[in-house]
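J.: Could you have a look at this structure, given as structure tokens, before my questions?
The values are calculated or read from the model by the stated rules, or taken from the named source; none is laboratory data. Computed from a prediction, not measured in an experiment: that's the story for all the values here. Neighbour counts run over all protein chains shown; Cβ positions are idealised from the backbone, glycine included. SASA here: full protein model, heavy atoms, side chains in, ligands and nucleic acids out. Shrake-Rupley method; radii C 1.70, N 1.55, O 1.52, S 1.80 Å.
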Amino acid sequence: MTVPTTPPHPAAAVAADAAFANADALDDLATQVGIEVPALLRALVAAGATFYGPDWPGQWRTLCLTQPPAFISCEDFEWMDAQERADAAQEWLHAAAQGGRRFLPFAQNGAGDAYCLTLGVNALPHTVAPVALVPHDDDEAMVLHASFDDFAAAMLLQSMADLSHQMDEFSLEEAVTQTRLDVACTSALMLADSAERLQAMAGQAPQQQSVQDGPRARPRDVWALISPQQLAQELERLPDAQAAPLRFSVVPRWELRSAPAQEVNAPTAVQSPAAPTWQSLAADPATRRQAIRAYQAEFGGDLPTAKAAVDALNPLSR
């Protein structure tokens, strides 16, 4: 089966006024919290690609195979609408409650954990915000990728590397169709070189692969469009691939009350548990990678800049 052509995202059939209203609401929330909306995220929202629509409950299966929202082939991922984003920012993910750290939520998983753009209190203006997954019921969150573009590429790659989560509801042929359509339509809004690579991989024939979910997990056989080796190689191409995952402290949702609207972007009215600073991590060569990720989470910037800052603080960490 060949990869579908790459027209504007099919979900753009959603009424234009609703899509633009959703994009405007995202812009307003981003201005309020002080995080710039990445071009790709705004393009997806403005295209209607993050909107499930009123027909979704009764026609979700058909829509998945014909007009899929972006990342529909990805496991345990659901876009937030404008109200859900505002509620999360107002009730939970606001700087007043999170030690000055800022958040722009945009999606969630089935448990209610939030995918967010996030910046530390010392981040400079126009800093590219990394993407983090913030649990709703735990006090530790994790930075996943250095930018939304990297996050989007990784999501599609991981989807192509394991089709098994789709096959509870779809046949293999349908799972392949859905994944290829998702990759084609979503990557059409990405940079050309990324789009071409992703679409080429999506065109590969499905094969059974042996995958392992963790170092001590039992291997399992899955249908996939790319091999585990190809997935690892492609993830290594992302700018932050050499750095270990960064975790930072948060106050869980259930511990918080809604803050007044004027305090959503307040500095530090409530302090979250202290997380290690990039300077303290850089002092120990054993935590150099964590220091690099911590620097990127706080200040943004590319990997070479973060490495230079860490190594300048502790030359022995090189």
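J.: I need the full set of residues from the stretch 57-71 which are hydrophobic (A, V, I, L, M, F, W, C) and under 18 Å from residue 105 (Cα atoms), in order please.
T.: 70, 71
J.: If you don't mind, another one. Being crowded, with 21+ Cβ neighbours inside 10 Å and in contact with a Leu (Cβ under 7 Å, 6 or more places away or on another chain) is the filter here; which residues of the stretch 112-123 pass it?
T.: 114, 115, 116, 117
J.: Can I ask one more? Just to verify a result, which residue in the stretch 33-67, among those that are among the hydroxyl-bearing types (Ser, Thr, Tyr) and assigned to a loop (DSSP other than H, G, I, E, B), is farthest from the chain's Cα centre (by Cα)? Don't jump to the end; show me each part of the working.
T.: The first filter runs over the stretch 33-67 and keeps only residues among the hydroxyl-bearing types (Ser, Thr, Tyr), leaving 50, 52, 62, 66.
Imposing the further condition that a residue be assigned to a loop (DSSP other than H, G, I, E, B) reduces the set to 50, 52.
Values: 50: 13, 52: 18 Å.
That would be 52.
J.: Please specify each residue of the stretch 196-220 satisfying the condition of being acidic (Asp, Glu) and at pLDDT 95 or above.
T.: Within the stretch 196-220, 196 is the sole residue that qualifies.
J.: For the stretch 205-226, what are the residues that are surrounded by fewer than 16 Cβ atoms within 10 Å (Cβ to Cβ) and part of a loop (DSSP other than H, G, I, E, B)?
T.: Selection gives 205, 212, 213, 214, 215, 216, 217, 218, 219.
J.: Confirm whether residue 29 is surrounded by fewer than 19 Cβ atoms within 10 Å (Cβ to Cβ), part of a helix (DSSP H, G or I) and over 13 Å from the mean Cα position of the chain (by Cα).
T.: Answer is no for this residue.
J.: Here is a check on your reading of the model: is residue 257 at pLDDT 70 or above and either of a type outside the set (Asp, Glu) or open to solvent by less than 70 Å² (accessible area, probe 1.4 Å) (or both)?
T.: no
Yes/no per residue for (1) of a type outside the set (A, V, I, L, M); (2) touching a helix residue (DSSP H, G or I) at 6+ places or on another chain (Cβ under 9 Å); (3) modelled with pLDDT of 95 or more; (4) open to solvent by less than 10 Å² (accessible area, probe 1.4 Å):
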| position | (1), (2), (3), (4) |
| --- | --- |
| 45 | no, yes, yes, yes |
| 66 | yes, yes, no, no |
| 95 | no, yes, no, yes |
| 110 | yes, no, no, no |
| 125 | yes, no, no, no |
| 137 | yes, yes, no, no |
| 140 | yes, no, no, no |
| 155 | no, yes, yes, no |
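J.: Going by what's in this entry, would residue 282 be described as modelled with pLDDT under 70, of a type in the set (Gly, Ala, Ser) and either over 28 Å from residue 152 (Cβ atoms) or open to solvent by 50 Å² or more (accessible area, probe 1.4 Å) (or both)?
T.: no
J.: Using beta carbons and a limit of 6 Å, which pairs, at least six apart or on different chains, have the first residue in the stretch 112-138 and touching a residue at least 24 places away in the same chain (Cβ under 8 Å) and the second one open to solvent by 50 Å² or more (accessible area, probe 1.4 Å) and among the charged types (D, E, K, R)?
T.: Sorted first by the residue in the stretch 112-138, then by its partner, the pairs are 136/253.
J.: Then there's this: Any chance you could count how many residues in the stretch 162-199 are assigned to a helix (DSSP H, G or I) and open to solvent by 20 Å² or more (accessible area, probe 1.4 Å)?
T.: Going through the stretch 162-199 one residue at a time, the tally reaches 13.
J.: State all residues of the stretch 135-188 that are hydrophobic (A, V, I, L, M, F, W, C) and over 24 Å from residue 205 (Cα atoms); if no residue qualifies, say none.
T.: 141, 142, 143, 144, 146, 148, 151
J.: Given the residues 291, 309, which is the only one that is over 22 Å from residue 133 (Cα atoms), among the hydrophobic types (A, V, I, L, M, F, W, C) and either modelled with pLDDT under 70 or not in a loop (DSSP other than H, G, I, E, B) (or both)?
T.: When all the criteria are applied, what remains is 309.
J.: To continue, here is another question. Could you list, in sequence order, all residues of the stretch 121-135 that are in a loop (DSSP other than H, G, I, E, B) and not polar (S, T, N, Q)?
T.: 121, 123, 124, 125, 126, 128, 129, 130, 135 - these are the residues of the stretch 121-135 that are in a loop (DSSP other than H, G, I, E, B) and not polar (S, T, N, Q).
J.: Somewhere in the stretch 83-92, is a residue open to solvent by less than 40 Å² (accessible area, probe 1.4 Å) and either in a loop (DSSP other than H, G, I, E, B) or not aliphatic (A, V, I, L, M) (or both)?
T.: yes
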